[in-house]
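The values are calculated or read from the model by the stated rules, or taken from the named source; none is laboratory data. These numbers come from a predicted model, not from an experiment. Note that we place each Cβ from the backbone using ideal geometry, even for glycine, and neighbour counts take in every protein chain shown.
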Amino acid sequence: MSQPAPTHPPPRLGAVLLAAGAASRMGHRPKGLLELEGEPVIVRLLRALNVVGVVRPVVVLGHHASRIAPVLRGQHVEAVVNPNPDAGQASSLRLGLMALSDEVEGVMVLLADQPLITAQDIGELVTAYRRRPAGTEWVQPSVQGLPGNPVIFSQHVRAQLLAGPPEMGGKQWKEQHSQAVHAWASDNTHYRTDVDSPEDIESLGLRTGVWLRWPADLSQPLAPDAVETP
């Protein structure tokens, strides 16, 4: 008979929320500022992190830093700006990991375009991380066999990512350490739901009844040359 996975003590978690992209498919508008029930998605994610007791999160900004920064005021977060967000997500992840406290024992990485993620979803992921199989250091939701987000990994993984070359991101680390990755099976589609285009917003609304709206100043797509360059 197989033995149940050990339950690790609650980790002191840090979090990196990635929000640096130009969002060209969304009309060059920052996806984290889409509103659900009148509140920006990025603020809802930060509140969910606070509910589960995540240590001061780091938000990585980039192309839309000046538009997103005002909604972060009053939030218990640290914002850093990627001076070259077009270098790819790995560059933003690296900046976020560098800004975290060295006291964290694990790191959650979230994307700013996942509007359905709740405190309960995050709490269940944290539980899965605590119960991960021995020898694994990276936990990622797997919904119908497809990878989801957010993810959680150990401080050891954080150290390896920071010690690696600049292009080393999560994908590359997982390819090199597949035996240390736990694909946590879940039927929660929140982990697979993101919005990359206006069509995604429409599809989400029709499928779930959850309608995202742009704030008034972003009601229309922006011209590419209007996108902020850090």
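Which pairs do you get when a residue that is closer than 17 Å to Ser154 by Cβ, found in the stretch 93-104, comes within reach of a residue that is among the basic types (Lys, Arg) and in a loop (DSSP other than H, G, I, E, B), reach meaning Cβ atoms under 8 angstrom, with the pair 6+ apart or on two chains?
Ser101/Arg56; Glu103/Arg12; Val104/Arg12
Tell me which helices (runs of 4 or more DSSP H) are completely within the stretch 56-133 and hold 3 or more residues being surrounded by fewer than 18 Cβ atoms within 10 Å (Cβ to Cβ), or say none if there are none. Show your work before the answer.
Numbers: elements: 65-72, 89-99, 119-130.
Filter on the stretch 56-133 gives 65-72, 119-130.
Take the residues of the stretch 41-55 that are part of a loop (DSSP other than H, G, I, E, B) and β-branched (Val, Ile, Thr): which is surrounded by the fewest Cβ atoms within 10 Å (Cβ to Cβ)? Let's see the steps before the verdict.
Initially, the stretch 41-55 is screened for residues part of a loop (DSSP other than H, G, I, E, B), giving 52-55.
From what is left, the residues that are β-branched (Val, Ile, Thr) are 52, 54-55.
Working: Val52: 18, Val54: 22, Val55: 20.
The extreme case among them is Val52.
Here are the criteria: (1) in a helix (DSSP H, G or I); (2) farther than 23 Å from Glu199 by Cβ; (3) out of contact with any strand residue (DSSP E or B) (no Cβ under 9 Å at 6 or more places or on another chain). Tell me which single one Arg25 does not satisfy.
(2)
If Ile68 passes every condition in (1) over 19 Å from Asp217 (Cβ atoms); (2) without any contact (Cβ under 8 Å) to a residue 60 or more places away in the chain; (3) of a type outside the set (Gly, Ala, Ser) but one, which one does it miss?
Of the numbered conditions (1) over 19 Å from Asp217 (Cβ atoms); (2) without any contact (Cβ under 8 Å) to a residue 60 or more places away in the chain; (3) of a type outside the set (Gly, Ala, Ser), the odd one out for Ile68 is (1).
Across the stretch 134-168, which residue is farthest from Ala185 (Cα to Cα) among those that are of a type in the set (Gly, Ala, Ser) and assigned to a helix (DSSP H, G or I)? Break it down into steps so the answer makes sense when it comes.
Taking the stretch 134-168 as the starting set, the residues that turn out to be of a type in the set (Gly, Ala, Ser) are 134-135, 142, 145, 148, 154, 159, 163-164.
From the residues that got through so far, the ones that are assigned to a helix (DSSP H, G or I) too are 159, 163.
Values: Ala159: 26, Ala163: 30 Å.
Among those residues, the one meeting the criterion is Ala163.
Just give me the residues in the stretch 156-188 being exposed (fewer than 14 other Cβ atoms within 10 Å of the Cβ) and either within 18 Å of the chain's Cα centre (by Cα) or touching a residue at least 12 places away in the same chain (Cβ under 8 Å) (or both), in sequence order.
To start, the set of residues in the stretch 156-188 that are exposed (fewer than 14 other Cβ atoms within 10 Å of the Cβ) comprises 156, 159, 162-163, 165-167, 171, 175-176, 178-179, 185, 187.
The answer is His156, Leu162, Pro166, Glu167, Lys171, Gln179, Ala185, Asp187.
Of all residues in the stretch 200-230, count the ones that are within 16 Å of His28 (Cβ to Cβ) and not aliphatic (A, V, I, L, M). Explain how you work it out, then say what you get.
As a first pass, look at the stretch 200-230 and keep what is within 16 Å of His28 (Cβ to Cβ): 200-201, 214-215, 217-230.
Those left that are additionally not aliphatic (A, V, I, L, M): 200, 214-215, 217, 219-221, 224-225, 228-230.
Residues meeting the conditions: 12.
Being basic (Lys, Arg), over 15 Å from Ile117 (Cα atoms) and assigned to a helix (DSSP H, G or I) is the filter here, so list the residues in the stretch 171-226 that pass it. Don't jump to the end; show me each part of the working.
Residues of the stretch 171-226 basic (Lys, Arg): 171, 174, 192, 207, 213.
Narrowing further to those that are over 15 Å from Ile117 (Cα atoms): 171, 174, 207, 213.
Selection gives Lys171, Lys174, Arg207.
Here's the yes/no breakdown for (1) hydroxyl-bearing (Ser, Thr, Tyr); (2) closer than 26 Å to Ser142 by Cβ; (3) in contact with a helix residue (DSSP H, G or I) (Cβ under 8 Å, 6 or more places away or on another chain):
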| site | (1), (2), (3) |
| --- | --- |
| Asn188 | no, yes, yes |
| Glu199 | no, yes, no |
| Ser203 | yes, yes, no |
| Arg207 | no, yes, no |
| Leu218 | no, no, yes |
| Pro224 | no, no, yes |
| Thr229 | yes, no, no |
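I want to confirm something. Restricting to the stretch 199-210 and keeping residues that are in contact (Cβ under 8 Å) with a residue 40 or more places away in the chain and loosely packed, with under 15 Cβ neighbours inside 10 Å, which single residue is farthest from the chain's Cα centre (by Cα)?
Thr208
Looking at the stretch 107-127, can you tell me whether even one residue there is modelled with pLDDT of 95 or more and more than 17 Å from the chain's Cα centre (by Cα)?
So the first thing to find is which residues in the stretch 107-127 are modelled with pLDDT of 95 or more, and the list is 107-127.
Pick out the ones that are also more than 17 Å from the chain's Cα centre (by Cα) and you get 127.
There is at least one residue in the stretch 107-127 that is modelled with pLDDT of 95 or more and more than 17 Å from the chain's Cα centre (by Cα).
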